[in-house]
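What follows is one structure encoded as structure tokens, with my remarks underneath.
The values are calculated or read from the model by the stated rules, or taken from the named source; none is laboratory data. Keep in mind that this is a model prediction, so the values were computed, not measured. Note that each Cβ is placed from the backbone with ideal geometry, even for glycine, and that neighbours are counted across all protein chains shown. Accessible surface is based on the protein model in full, side chains and every heavy atom, while ligands, DNA and RNA are left aside. Shrake-Rupley method; radii C 1.70, N 1.55, O 1.52, S 1.80 Å.
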Amino acid sequence: MQATTEQPGLREIDIPVDAGGRLLQGSMMPPRNGAGMVVFAHGSGSSRYSRRNRYVASQLQARGLGTLLMDLLTEREEAEDAVTARLRFDIPMLASRVVATLDWLGRQSTTASCRLGLFGSSTGAAAALIAAAERPQAVATVVSRGGRPDLAGEALPRVTCPVLLIVGEQDEVVLELNQSAAERLGGPSELRIVARATHLFEEPGALEEVAGLAADWFAHRLCAEPAAGRKDTGLHG
């Protein structure tokens, strides 16, 4: 498994995003040929340098999609969270920073017209779903990897875009939480279970399967408009 961060003619760039006076850092790969952008919302002490998320991002980039991996905490907050583990569970704060990132993309000439997707892992999945509820016109779809969508709480019925929930078969508690959350979502959803995988998808081939599922899902929804007269239900085998 090896992540790539460059495409012909394109290079990953570091960008700052002002989120209510807090300067967040991100790594962005622009999309190719008008394809969509996927914003990664990390959780549970992770960052934009997450090996797993960068691998998934590389597979999205190979499909022409742009990616933006954001640190939802500042350096000082990350240092605090490493000791207290408190901020990683401050879902409203994390969600507000995902929203700020969406708004920032909407103001940039290179991304203002892009269809946007969100990829959330762990507590970042809850933040992504709340952001989708807060910005329904901006977010076309959400994918959760080993996420905690249950922590999005009362926002779940307001999420109307298609949602893909990916969970490891042996991540039993999180699987149950995802099944319950899926029933509360306000739009179409699909739950995909990766056989024999645990929470971090460290088993051989597990992360590759996650990346393939996510790439197919985002490419279908962000790279082309649905055919005229056809309503996209978001449910695909």
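Give me, ordered by chain and number, the residues 5 or more places off Phe119 or on other chains with an amide H under 5 Å from its own placed amide H.
Excluding prolines and chain starts, which carry no amide H, the hits are Val39, Phe40, Ala41, Val143.
Please list, ordered by chain and number, the residues whose modelled amide H lies under 5 Å from the amide H of Ala19; skip anything fewer than 5 residues away on the same chain.
When sequence neighbours closer than 5 places are left aside, the close amide H contacts are Leu24.
Taking amide H positions as placed 1.01 Å from N in the peptide plane, with prolines and chain starts having none, which residues 5 or more places from Leu185, or on another chain, fall under 5 Å of its amide H?
none
Could you tell me what fraction of 2.2 N^0.38 Å the Cα radius of gyration of the stretch 34-100 comes to, as a two-decimal ratio?
1.20
Which label belongs to the value computed from this structure, given these candidates for Rg/Rh (Cα atoms, Kirkwood Rh): (1) 0.93; (2) 1.05; (3) 0.97?
This structure yields the entry labelled (1).
Could you work out Rg/(2.2 N^0.38 Å) for the stretch 133-172, with Rg from alpha carbons only?
Values: Rg = 11.3 Å, N = 40, 2.2 N^0.38 = 8.9 Å.
Taking the Cα Rg and dividing by 2.2 N^0.38 Å, one obtains 1.26.
Tabulate in residue order the Karplus-calculated ³J(HN,Hα) for the stretch 206-213, using 6.51 cos²θ - 1.76 cosθ + 1.60 with θ = phi - 60°, rounded to whole Hz; enter x for Gly and Pro.
5, 5, 4, 5, 4, 4, x, 4
If you count only protein heavy atoms with a 1.4 Å probe, what accessible area per residue comes out for the chain, rounded to a whole Å²? Kindly include the intermediate steps, with their values, before the conclusion.
Numbers: 10670 Å² over 237 residues.
Ligands and nucleic acids excluded, the result is 45 Å² per residue.
Report the Cα centroid-to-centroid distance between the stretch 120-149 and the stretch 69-86 in angstrom, as an integer.
19 Å
Give the relative contact order (percent, whole number) for the chain; include only Cα pairs under 8 Å separated by 6+ residues. Please report the intermediate quantities before stating the final value.
Working: 502 pairs, mean separation 41.9, N = 237.
Once normalised by length, the contact order is 18 percent.
What's the ranking of 141-152, 83-94 by average number of surrounding C-beta atoms within 10 Å, highest first? Walk me through the numbers before you get to the answer.
Values: 141-152: 27.2, 83-94: 15.4.
Highest to lowest by the protection proxy: 141-152, 83-94.
Sorted by accessible area (1.4 Å probe), largest first, how do Ser113, Ser180, Ser27 line up?
Working: Ser113 110, Ser180 70, Ser27 0 Å².
Largest accessible area first, the residues go Ser113, Ser180, Ser27.
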